[in-house]
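See structure below.
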Amino acid sequence: MSRSARTASAYHRLTGYRRGRLTPHALDWAHQPRPRKPYPQLARIPFPTDLSMPEMDYADLVCQAGQSVPAPQTDLDLNTLAALFHLTHAVTARSMHGDQPFYYRSIASAGALYPFEMYLAVHDVQGVAAGVYHYDLFDFALTRLREGAVPLTPSSARRVAATIYISGIFFRSAWKYRGRAYRYVLLDAGHLLENLRLALTALGLGFCVHTDFDDARVAALLGLDEGREGGLVCVHLFSSEGGKGRLAPVADPSPLPNDIRDASRVSAREVTYTEIQEIHRAGYGPAPTATGRERQPVSPGWHPRTWIDLPPSSPAGHTDYARLLWQRRSRRNFVSQSISMDHLAAFLDPMATSVAGTCMPTGEIVAIGLLAGAGTPVAPGAYLFDPHGRRLGQLAGGAMLESMARACLDQMWLKNAAFHLLFVSDPKALDQAWGARGYRYAMLEAGRLGQQAYLAATALGWGACGIGAIYDREAADLLGLTRDGALLYLVGIGPLKGR
Ligand SMILES: Cc1cc2nc3c(=O)[nH]c(=O)nc-3n(C[C@H](O)[C@H](O)[C@H](O)COP(=O)(O)O)c2cc1C
């Protein structure tokens, strides 16, 4: 069998975990990746810290974010940008690791390794000079990488005030997860993207998400070392109604100096994992255009026999969205306790609206499943969630949480969750429709929905924990997936002890 990881299916297979076949990997603590990109010589614009946060109910916001993107109501300026970055990616907790402080973020991340970075290209923003900036989370500032007008990348027919880029630094995650890390870099970036989408909606900013773009051009614009860091998502922020017409074309800028490129290096001793290089490069855009037939939802071979309609849900009361972001944490202390049908529906509603607000160019490429435990209002078993019909289709009956906990590298606490939310796809079908880039789309989407699952659970006072450690084939077999089907990501959800 070929060792090349140049397709979604090959990469997923080659980086699969198999029981009894995991090779030991001692973490090289002396060369732990830096969580922060250093740009010591460059000018910074500190963000204002007296931010006015939008006061919005989480359920209302999710509803709005699920509708087509409204015309922008807010003019971009430094204050709005500050609120936008703060609501998207912030430090939300601190703990001590030995004698070093460790900062947890508003975004879940496999191993808390936070491989993502954010950049901003300013085209037309009141009070902020045109150029390219890096978001410094720790100093809450923008570091200027380029000065002057830069080309709109990717192009847009609308007037764009600014563009936000999300990248992933591979070694931050590969330090722990080796070749499998590309999965987590994408899932984590998807988590970040969902926070960004909600923040943009809350601030009344019109936007468009692009996951298909010219990778080399984006890397050159941002000064990324392409072997170490890849651009994953571009989000154009539109000018409000006042700003008519397209921006004047600008030539591609000259390459940035080497010390800016070198900031993609995060450790003095980095290891290059061929699988990651291969799958990432094989997906370089623009991607082949999928035909209409291929835009059908990817089917993992699930055909429900009967359907259960969910009742109309009434949100449990006002839940302040910004507070929710700060409350979100991964929780594992689940307790067996019954949950009502109303609460299950209230949890699944944001998932449904999130699917409707999909920002992928692909339509639905991830199917959502649910493994119900004994405390749920439906019979224990496996279900397919139909987000459009707001219904659950029964696939198989029986208690499956314990077997799934085992398939998740024996993380047995998962059996106490009320249910497992499953994100499933078919890497071979992704290859056929979008080439290797289809893998990015599916993993970003699974991560995006995963972040929403965390927030929806937190709003109900429940816990959630994302799970990327999976014996892949064991889990797929348990779920009755086709030979090519794959469980990309799982989130354990349920009531917690002492709540
Ligand atoms: C893609 C992904 C995979 C994860 N996999 C696991 C896992 O297998 N087991 C686990 O206990 N936590 C897992 N987590 C949770 C992270 O450990 C957690 O997000 C991180 O420690 C940061 O903590 P916080 O979520 O409380 O901010 C995962 C999170 C993500 C986003």
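The values are calculated or read from the model by the stated rules, or taken from the named source; none is laboratory data. The shown structure was predicted, so the numbers you read here are calculated from the model rather than taken from an experiment. When we count neighbours, we look across all protein chains shown, and the Cβ atoms used for this are built from the backbone with ideal geometry, even at glycine. Surface accessibility is based on the protein's heavy atoms, side chains included, excluding ligands, DNA and RNA. Shrake-Rupley method; radii C 1.70, N 1.55, O 1.52, S 1.80 Å.
Heavy-atom accessible area per residue, the chain, 1.4 Å probe: how many Å²? Spell out each step's value before the answer.
On the way: 19600 Å² over 499 residues.
I get 39 Å² per residue for this part.
Each principal axis of the Cα cloud of the chain was taken in turn, and the coordinate range along them, longest first, works out to 62, 55, 51 Å.
Evaluating kT/(6 pi eta Rh) at 10 °C and 1.306 mPa s, with the Kirkwood radius of the stretch 92-241 over Cα pairs in the Stokes-Einstein relation, gives 98 µm² s⁻¹. When a 1.4 Å probe is rolled over the protein heavy atoms, the share of accessible surface on the stretch 121-238 that falls to carbon and sulfur comes to 45 percent.
Against the empirical curve 2.2 N^0.38 Å, the C-alpha radius of gyration of the stretch 32-282 lands at a ratio of 0.98. Helices in the chain, meaning DSSP H runs of at least 4 residues, each add -39500 (n - 2.57). Divided by all residues, the mean residue ellipticity at 222 nm is -8500 deg cm²/dmol. Computed with a 1.4 Å probe over protein heavy atoms only, the accessible area of Val209 comes to about 20 Å².
Take every Cα pair under 8 Å whose residues are at least 6 apart in sequence, average their separation, divide by the length of the chain, and the relative contact order is 20 percent. Among the DSSP helices (H) of the chain, those spanning at least 27 angstrom by Cα along their long axis with an average Kyte-Doolittle hydropathy of 0.5 or more are 181-202; this is a geometric and hydropathy rule only.
Take every Cα pair under 8 Å in the stretch 293-494 that's 6+ residues apart, average their separations, divide by the length, and report that relative contact order as a whole percent. Computed value for the stretch 293-494: 29 percent relative contact order.
Largest first, what is the accessible-area ranking of Cys408, Cys208 with a 1.4 Å probe?
Working: Cys408 0, Cys208 45 Å².
Descending accessible area places them as Cys208, Cys408.
The slack between Ala30 and Ala129, meaning 0.36 nm per residue of separation minus the straight C-alpha distance, is 31.7 nm. The modelled label-to-label distance between Ala396 and Val91, using points 7 Å beyond Cα along the C-beta direction, is 4.6 nm. Listed by chain and number, the aspartates and glutamates placed with their C-alpha closer than 17 angstrom to that of Lys415 are Glu402, Glu474; residues fewer than eight positions away on the same chain are left out.
Compute the length gained on full extension between Arg21 and His388: take 0.36 nm times their separation in residues and subtract their Cα-Cα distance, giving the result in nm to one decimal.
On the way: separation 367, 0.36 × 367 = 132.12 nm, distance 4.02 nm.
The span from Arg21 to His388 would gain 128.1 nm if fully extended.
Taking a cut-off of 17 Å between Cα atoms, list the aspartates and glutamates near Lys37, but don't count ones fewer than 8 places away on the same chain. Straight-distance partners of Lys37: Glu117, Asp136, Asp139, Asp225, Glu226, Glu229, Asp259, Asp262, Glu270.
Annotation: extensible slack from Ser314 through Asp252 equals 17.2 nm (criterion: 0.36 nm per residue apart, minus Cα-Cα distance).
Using just the C-alpha positions of the stretch 293-494 as equal point scatterers, what log10 of I(q)/I(0) does the Debye formula give at each q in 0.09, 0.15 1/Å? Log10 of I(q)/I(0), two decimals: -0.30, -0.89. Between Arg44 and Asp57, the modelled labels are 4.0 nm apart [label points 7 Å from Cα along Cα→Cβ]. Surface calculation, 1.4 Å probe, protein heavy atoms: Thr23 sits at approximately 90 Å² accessible. Express in Å², to the nearest 10, the accessible area of Glu275 obtained by rolling a 1.4 Å probe over the protein heavy atoms while all chains stay in place. Rounded to the nearest 10, the figure is 50 Å².
Under 8 Å for C-alpha pairs, at least 6 residues apart: give me the relative contact order for the stretch 456-499, rounded to a whole percent.
Values: 41 pairs, mean separation 23.4, N = 44.
Over the stretch 456-499, the number comes to 53 percent.
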